[in-house]
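Here's the structure, in structure tokens; my notes come after.
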Amino acid sequence: MPELAYSATRHRAQLVEASDRDLLLSLRGDDEAALDELIDRKTGPLVQTVYRILGDLEEARDVVQVTFFRIWEHRARFDDRWSPNTWIYRIASNLAIDHLRSRKSRERGNEPVRRHLRQVADLSAEGSSGPLHQAEVLGIFHELAGELTDKQRAVFLLREVEGLSSQEVADVVGCRESTVRNHLFNARKVLRRELVARYPEYAPRGEQAEVGA
Amino acid sequence: MSRGTASCPDWAALVAARDGGSSPAGFAGAEAGGAILTEVAWREALAHLATCGACRPAALGADPTLLFQSLPRIELAADDVAAMRQRVAAMRRAQRVTAERRLGHLARVAAGVSRVGRRGRGLAAAVLLAAVSGGLWLGLPASTPAGTAPTTATEAVPTMPFREPAGRPGAILPSAAEPVFMDLSSPRAADVYRVGRGGGLQVVMVVDETLDV
């Protein structure tokens, strides 16, 4: 009788149950099925984060694609003492920041406006929940975030929007926690100033909610 | 002024406590509305803000950048994730092909040079050695590992040269060439069976619905 020596289905089922750390450790054994499982799990969250950094969905997909390729290339470097998510997000955010820098050097005056229009189209096409107001907020963010440094932008998004802790952000961005707090402080200061100046309707001043007695 | 509910926080105090914080999380040990502000409490306040329209003017008045807490989410379809897997696999194949062509080209150059005699052979050896060393320095694989997992199930099927032995029409035997062993550890959707034991010949049966013969 033939002896079942290997079942791809069974192996794949085991990988679905595996932790992120175990998947990364499996990559070190050249397990391509583990890479596929990692892609299935992380594509959504990574595209989300990178899209918020870059403001362009297609560019975000490209960066995330390279992220997975880099994870595969550098799989031997993953240390199982590290947080898997931090390692993955570090690769993604570094690539996104590099992409942002190279894009800035190519950008012309009309590009931010065209990108804003593309963002609105992206959100409509993807069936994003929420009113057009949310698309407008995203456009405003990307316009104002142009006043931030790349690190300030990444720190603000990872800390304030994605909800990572200061230590996690420090590990992802590759700096000290005190530096993260400085970046965050300066990012808020710049965004506040620009929001009040350019979009005062979104920045009511002096209004306080009166808490019911 | 807009009235909130009894559960609405004092946003001015919350933001002041957050920004004045010296703890690692960036939150103050000082009081905010009568209690120590922790990151957990801050996240709860943000969750409340997401659902309470009455809080919005007060929150934005205290910190306009809270507007960006409502950046829209991108929802990816299953097709997008499958497409990402294919894109990453294509990148990896392209890298392998590029590396193999580069080494093959250098080997042909070295072989061509060797035809001019002993001096040429010495030069060819030096060129090849430099190319391999240079490839290693650039991070190119020095050789394709013998056990490299195939990327498709069709590649998992070993190809062997067959010949029909004289005098025995219909009988198929492997040629004298050594069969190539291929690592079948990660075909896409295959089950691999080992058929029979004995002798030096390993026979495996690959069952894969995606194979098109």
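The values are calculated or read from the model by the stated rules, or taken from the named source; none is laboratory data. Owing to the predicted nature of the structure, the values given are computational and were not obtained by experimental measurement. Side chains included, ligands, DNA and RNA excluded: accessible areas come from the protein's heavy atoms. Shrake-Rupley method; radii C 1.70, N 1.55, O 1.52, S 1.80 Å.
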Legend entry - Isotropic mean projected area of the C-alpha convex hull, the stretch A:1-105 (nm²): 7.7 nm²
Legend entry - Per-residue SASA entry for A:Trp72, accessible area with 1.4 Å probe, Å² rounded to 10: 30 Å²
Inset, instruction - Arrange the residues B:Cys8, A:Cys175 by how much accessible surface each exposes, largest first, with a 1.4 angstrom probe. - result: A:Cys175, B:Cys8
Legend entry - Candidate lysines for bridging to A:Lys189, where Cα separation is under 17 Å - those fewer than 8 sequence places away on the same chain excluded: A:Lys151
Inset, instruction - Report A:Glu58's accessible area, 1.4 Å probe, all protein chains in place, as a number in Å² to the nearest 10. - result: 90 Å²
Inset, instruction - Using θ = phi - 60° and the Karplus relation 6.51 cos²θ - 1.76 cosθ + 1.60, list the HN-Hα couplings for the stretch A:48-55 in order, rounded to whole Hz, with x at every Gly or Pro. - result: 4, 5, 5, 4, 5, 6, 8, x
Legend entry - Residues with amide H under 5 Å from that of A:Ala5, placed H, sequence gap 5 or more: B:Val192, B:Tyr193, B:Arg194
Legend entry - Residue-wise HN-Hα coupling along the stretch A:176-187, computed from phi with Karplus coefficients 6.51, -1.76, 1.60 (Hz; x: Gly, Pro): 7, 5, 5, 5, 4, 5, 5, 4, 5, 4, 5, 5
Inset, instruction - Please report, to one decimal in angstroms, the Kirkwood hydrodynamic radius of the stretch A:34-91 built from all distinct Cα-Cα pairs. - result: 11.7 Å
